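Just so it is clear, none of the values below were taken in a lab; they were calculated from the coordinates. Small disclaimer: the values here were computed from a predicted structure and weren't measured. Reconstructed Cβ throughout: ideal geometry from the backbone, glycine too, with neighbour counts over all protein chains shown.
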Amino acid sequence: MRKNLQRWLLLGSMAFLFTACGHSPRIVIPSYTAPKEVSKLKQIETKDEFVAKGAYLAIWLNPDVKGVENTNPKLGDMLLSSVKSAITQTNFIALDPLGEEDGVALDMQVVSYDYKRGKNDVSLYLKVTFALVRGADEFLVKSYDKRLLRSSSDPSRLPSEDQLASEAVEKVAKYFISDISPLKTYQMREFKSLPSELDAVVSYAKRKNYKGAISLMEAYDGEKDAAYYYNLAILYEALASQTEELDYLKAAKKNYDKAILKGGGSDKTIMDAKVRFDQFYDLLSKTKKVQKNNKALIKERNSMIQSSDSEYE
């Protein structure tokens, strides 16, 4: 069961897990992990007259990756591509197409690279330093490394150097981005027992029809206790996770609060879920606000680029 769950979480292709042995059904929903270097985010923020009511979060990727000489000639492009991919997962941080003097730049340097191929094995070690810089101030400098080893009695089944390098680059890029940006992940929520009249809620949930499940819950005329409001809260949370709509997120919060008021504060399942939800609530709320400001920034930057191009036509 655990292996199946790990596979589903990794692939993100299944949204639900139902346990056997009489346990309550469990829902696996998309969520976010908080950035590890939260205190550094203020230093990435930039005020701009074109961005109304707030700052934007944006970095310019320095295309000149240091230290790639005498390593893998594709390493620089791999790093740039992997960082772009990891950043755009949540669009929490925008990729600024222009390197402004007062903006934030990301510099990268390959500190160590070692690839070895034997008769039945290949190994690769990669260490990269990432530096966030504003002007002459390097306000976040961190190094990450990854060592990979693959063995096979059939040498033709061994990965190529580029395949191994790409895997290592993807790992170190994700390590860095998880320090400065929320990343999408998956979390489990467990239903409390449902009355027989609401058995269909699980069926709707299994098909990821959260709206249908919510409609059934809200049409219920029976007792609305802590378990009821908690179950409704996790359905709204699932819908908010799926759509990233703040109205659904607020509805989830409202029902979690009702569950607490109805006595859920003494229920470990409810309180554990509430703690995880509160983190998700804060992250998604901030992410949507930042996305709006980032969008305004990129629109303004693209306008500048188009104006500049037209001058040379």
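The table below lists the values:
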{"read-out": "Positive dipole terminus of the chain, leading residue within Val83, Ser303, Leu164 (C-beta point charges)", "value": "Leu164"}
{"read-out": "Theoretical FRET efficiency, 1/(1+(r/R0)^6), r = Cβ-Cβ of Gln279 and Arg117, R0 45 Å, to 0.05", "value": "0.55"}
{"read-out": "Calculated from backbone phi, Karplus (6.51, -1.76, 1.60) coupling profile of the range 160-174 in Hz, x at Gly/Pro", "value": "6, 4, 5, 5, 5, 5, 4, 5, 5, 4, 4, 5, 5, 5, 5"}
{"read-out": "Environment charge at Ser166 (Cβ cut-off 12 Å; Lys +1, Arg +1, Asp -1, Glu -1)", "value": "-2"}
{"read-out": "Pairwise FRET efficiency - Lys254 versus Ser193, Cβ, R0 = 25 Å, nearest 0.05", "value": "0.70"}
{"read-out": "DSSP loop trypsin sites (Lys or Arg not before Pro) with at most 10 other Cβ within 10 Å: longest gap in the chain", "value": "120-313"}
{"read-out": "Equivalent-ellipsoid semi-axes of the chain, from the Cα gyration tensor, Å, largest first", "value": "42, 29, 16"}
{"read-out": "CD proxy at 222 nm, helix term only [per DSSP H run n ≥ 4: -39500 (n - 2.57); per residue of the chain; nearest 500]", "value": "-15000 deg cm²/dmol"}
{"read-out": "Estimated inter-spin distance, Asn62 and Ser153, nm [label 7 Å along Cα→Cβ]", "value": "5.0 nm"}
{"read-out": "Spherically averaged projected area of the range 81-171 from its Cα convex hull (nm²)", "value": "7.0 nm²"}
{"read-out": "Difference of contour (0.36 nm per residue) and Cα-Cα distance, Ala219 to Glu245", "value": "7.1 nm"}
